[in-house]
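Read the structure below first, then the notes.
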Amino acid sequence: MIEIMVVEDGKDLRDILVFNLESAGYKVTAVGSAEAALDLISDKTALVLLDVMLPGMSGFQLAHKLRQELDNHVPIIFLTARNSESDLLAGFSAGGDDYVSKPFVITELLARIKAVLR
């Protein structure tokens, strides 16, 4: 079973993502901070859905740490309300594989997940 980590500080959205991802057949680990994600990410994590604006370490900082310091190349899809061109470019520069602006349609997110996992 494919394991996805959801890093989202908003409990309601985190719960919605977990429900929909599990309904689509994924195993989900959900956390509310980048620090918790660092503690729980493993070699079984196939993809990370990552909010940008998190308490403490930001999603951009987490992605940079995974890529540069930990040499972890797990695919990352940013989920964020920050949708300016500079934010999008910052997300890709930090190591993101895709960037989805909130609000989003869950079926589109599931399609993007499948595409990134291919």
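Take the conditions loosely packed, with under 14 Cβ neighbours inside 10 Å, among the aromatic types (Phe, Trp, Tyr), without any contact (Cβ under 8 Å) to a residue 60 or more places away in the chain and out of contact with any Ser or Thr (no Cβ under 8 Å at 6 or more places or on another chain) and apply them to residue 104. Does it pass?
Spelling it out, residue 104 is indeed loosely packed, with under 14 Cβ neighbours inside 10 Å, among the aromatic types (Phe, Trp, Tyr), without any contact (Cβ under 8 Å) to a residue 60 or more places away in the chain and out of contact with any Ser or Thr (no Cβ under 8 Å at 6 or more places or on another chain).
Report, by residue number, each residue of the range 51-80 that is charged (D, E, K, R) and either loosely packed, with under 14 Cβ neighbours inside 10 Å or under 11 Å from the mean Cα position of the chain (by Cα) (or both).
Listed by number, the residues that qualify are 51, 69, 71.
Can you find a residue in the range 66-88 that is free of Cβ contacts under 8 Å to residues at least 24 places away in the same chain, in a strand (DSSP E or B) and among the polar types (S, T, N, Q)?
no
Out of the range 1-50, which residues are of a type in the set (Ser, Thr, Tyr) and open to solvent by less than 20 Å² (accessible area, probe 1.4 Å)?
Selection gives 45 alone.
Identify, please: which residue in the range 89-101 is of a type in the set (A, V, I, L, M, F, W, C) and part of a helix (DSSP H, G or I) and is, among those, surrounded by the most Cβ atoms within 10 Å (Cβ to Cβ)?
Across the range 89-101, the extreme among qualifying residues is 94.
Could you look through the range 12-59, keep only residues that are of a type in the set (Gly, Ala, Ser) and assigned to a strand (DSSP E or B), and pick out the one that is farthest from residue 112 (Cα to Cα)?
Of the residues in the range 12-59, the ones of a type in the set (Gly, Ala, Ser) are 23-25, 30, 32-34, 36-37, 42, 46, 56, 58-59.
If we keep only those that are assigned to a strand (DSSP E or B) too, we end up with 30, 46.
Details: 30: 19, 46: 14 Å.
The residue in question is 30.
The values are calculated or read from the model by the stated rules, or taken from the named source; none is laboratory data. A quick note: this is a predicted structure, and the numbers were derived from the prediction, not measured. Ideal geometry is used to build each Cβ from the backbone, glycine not excepted, and the neighbour counts take in all protein chains shown. Ligands, DNA and RNA are excluded from the accessible area calculation, which covers all protein heavy atoms including side chains. Shrake-Rupley method; radii C 1.70, N 1.55, O 1.52, S 1.80 Å.
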